[in-house]
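See structure below.
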Amino acid sequence: MRASKRLQQIPPYLFAELERKIEAKRAAGIDVISLGIGDPDMPTYEPIVAAAQRAVADPTTHQYPSNRGRREFREAVAAFYARRFGVTLDPETEVMPAIGAKECIFNLNLAFLDPADVALAADPGYPVYAGGPLLAGAEAALMPLEPERGFAPDFSAIAPDVLERARLMFLNYPNNPTGAIVPEGLFEETVGLASDHDVLVVHDNAYSETTYDGYVAPSFLQTPGAKEVGVEVFSLSKGYNMTGWRCAAIVGNADAIADYWRLKSNVDSGLFEGVQLAGAAALGPELDVHVKGMNAVYQRRRDLVCDALRQAGVDVTPPKGTIYIWAPVPEGFESAAAYCEHVLEQAAVVISPGGAYGPNGEGFFRISLTTPDDRLLEAVERLRAL
Ligand SMILES: Cc1ncc(COP(=O)(O)O)c(C=O)c1O
């Protein structure tokens, strides 16, 4: 038995590996604090759970879901985009549920890439931007996000033959793992490049609702011309504490969504309609207060971690969005992975090595804020004591 060459090209998923290591340490009685994966520690907001309970008891949700999405969900997403971003979406053709943003992003690769095609992928970036194209038998071309450019890619640095073959581009702001917000003018520049080179832009909008210091994140679709060249993947995972529910939506270009649907209806059988109804409930204006409350918690944790890191001599910029702190690896370690391994072995704290998000993430580590304050403080204290 041998795995496909496509599969052999990509490394095991970082967090799957880490899970194994953490389990082994905990089984040995070691008190491991995980600041690795970005998985909210607080429960899904109560009104969403209540809506889900009603939806589960409703027999109309019990059969195969409509892959195209239940009307209530599509309309709720469209209403949310109008209210939150001032973006008009046709719930019939411009909105479709996804079984989490990860599913959607991966399947877009299968829907839009042939061998020798290229997906332009932010580096560092969510690992599926680079792994997805390889699993689809195509190529990923990494676009370095440089701190001095506000973590914007430099489109002028993309080789002409790569641009020629580019069919997809993955961007994500507020950005995982760097915490950067979208640099001024980048979305406009992206629309220009995409229409000149016939590239479908996929803006991964996993963190627009998780922002601090009064910053309000835009949608890519607010950019003039964006709907002609792109889609946005909106996830309820982080802003609504719903990672386990697998609830997301793809919105934007109707033709691209129709192709995604064609692919997806051959691959999966849709998102449980009970979850779609819970997602619809989550997006109502009355839930905003819960999102704000959660952001206040993360902002407090962000400040706590950044203060402690600064006191330890680490040069760190408090992010205006996402649930991550991105910080440089201390001197004396040959790689971010070596530092993270050291931290796990000596302090029993899990942090993510920047290199896992692409070569340009090397030299940095990522801390997730999805751990209660006291454990976060304890973890940072352990790092300082190293
Ligand atoms: C940038 C980004 N995109 C997508 C995802 C996955 O979202 P979902 O839970 O909707 O699959 C994550 C999760 O960490 C992420 O950071």
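The values are calculated or read from the model by the stated rules, or taken from the named source; none is laboratory data. Note that the structure is a prediction, hence the values are computed from the model and not measured. So basically every Cβ, Gly included, is an ideal-geometry build from the backbone, and we count neighbours across all protein chains shown.
Run Ala296 past the list (1) more than 12 Å from Pro177 (Cβ to Cβ); (2) touching a helix residue (DSSP H, G or I) at 6+ places or on another chain (Cβ under 8 Å); (3) among the hydrophobic types (A, V, I, L, M, F, W, C) and report the number of the one that doesn't hold.
Checking Ala296 against (1) more than 12 Å from Pro177 (Cβ to Cβ); (2) touching a helix residue (DSSP H, G or I) at 6+ places or on another chain (Cβ under 8 Å); (3) among the hydrophobic types (A, V, I, L, M, F, W, C), the one that fails is (2).
Do the conditions hold for Arg301, that is, is it surrounded by 18 or more Cβ atoms within 10 Å (Cβ to Cβ) and either part of a helix (DSSP H, G or I) or within 16 Å of the ligand (Cβ to nearest atom) (or both)? Reasoning before the result, please.
Working: surrounded by 18 or more Cβ atoms within 10 Å (Cβ to Cβ): yes; either part of a helix (DSSP H, G or I) or within 16 Å of the ligand (Cβ to nearest atom) (or both): yes.
It is true that Arg301 is surrounded by 18 or more Cβ atoms within 10 Å (Cβ to Cβ) and either part of a helix (DSSP H, G or I) or within 16 Å of the ligand (Cβ to nearest atom) (or both).
With respect to Arg70, determine if the residue is more than 23 Å from Asp204 (Cβ to Cβ), buried (at least 19 other Cβ atoms within 10 Å of the Cβ), basic (Lys, Arg) and touching a residue at least 12 places away in the same chain (Cβ under 8 Å).
yes
What are the residue pairs meeting all of these: first residue in the range 33-47, first residue more than 12 Å from Ser237 (Cα to Cα) and away from the ligand (no atom under 16 Å from the Cβ), second residue outside any helix (DSSP H, G or I) and of a type in the set (Gly, Ala, Ser), Cβ atoms under 7 Å, and 6 or more apart or on different chains?
That search, which allows pairs on different chains as well, returns Ile33/Ala348.
Show the residue pairs meeting these rules: Cβ distance below 6 Å; 6+ apart or different chains; first residue within the range 93-112 and crowded, with 24+ Cβ neighbours inside 10 Å; second residue assigned to a helix (DSSP H, G or I) and of a type in the set (Val, Ile, Thr).
As it stands, the answer is Val95/Val77; Met96/Ile257; Ile105/Val128, since those pairs meet every condition given.
Could you give every pair whose Cβ atoms fall below 6 Å, whose first residue belongs to the range 222-243 and is of a type in the set (Gly, Ala, Ser), and whose second residue is within 11 Å of the ligand (Cβ to nearest atom), counting only separations of at least 6 or pairs across chains?
Ser235/Ala101; Ser235/Ala206; Ser235/Ala248; Ser237/Thr243; Gly239/Thr210
Residues in the range 83-107 that are more than 12 Å from the ligand (Cβ to nearest atom), under 23 Å from Pro218 (Cβ atoms) and not aromatic (Phe, Trp, Tyr): how many? Before the answer, list the steps.
Our first condition is that a residue be more than 12 Å from the ligand (Cβ to nearest atom); within the range 83-107, this holds for 83-96.
Next, only the ones that are under 23 Å from Pro218 (Cβ atoms) stay: 83-91, 93-96.
When the remaining residues are screened for being not aromatic (Phe, Trp, Tyr), the result is 83-84, 86-91, 93-96.
Residues in the range 83-107 being more than 12 Å from the ligand (Cβ to nearest atom), under 23 Å from Pro218 (Cβ atoms) and not aromatic (Phe, Trp, Tyr): 12 in total.
What about Ala50, is it crowded, with 18+ Cβ neighbours inside 10 Å, more than 16 Å from the ligand (Cβ to nearest atom), modelled with pLDDT of 90 or more and of a type in the set (A, V, I, L, M)? Please lay out each step first, then the result.
Details: crowded, with 18+ Cβ neighbours inside 10 Å: no; more than 16 Å from the ligand (Cβ to nearest atom): yes; modelled with pLDDT of 90 or more: yes; of a type in the set (A, V, I, L, M): yes.
Here the answer is no, as Ala50 does not meet what is asked.
Taking Pro218 as the residue in question, decide whether it is surrounded by fewer than 19 Cβ atoms within 10 Å (Cβ to Cβ) and under 19 Å from Arg83 (Cα atoms).
On the way: surrounded by fewer than 19 Cβ atoms within 10 Å (Cβ to Cβ): yes; under 19 Å from Arg83 (Cα atoms): yes.
Yes; evaluated as a whole, the condition is true for this residue.
From the list Gly214, Gly179, Gly137, which residue is more than 16 Å from the ligand (Cβ to nearest atom), touching a residue at least 60 places away in the same chain (Cβ under 8 Å) and either over 26 Å from Tyr260 (Cβ atoms) or part of a loop (DSSP other than H, G, I, E, B) (or both)?
Numbers: Gly214 fails: touching a residue at least 60 places away in the same chain (Cβ under 8 Å); Gly179 fails: more than 16 Å from the ligand (Cβ to nearest atom).
Just one listed residue meets the conditions, Gly137.
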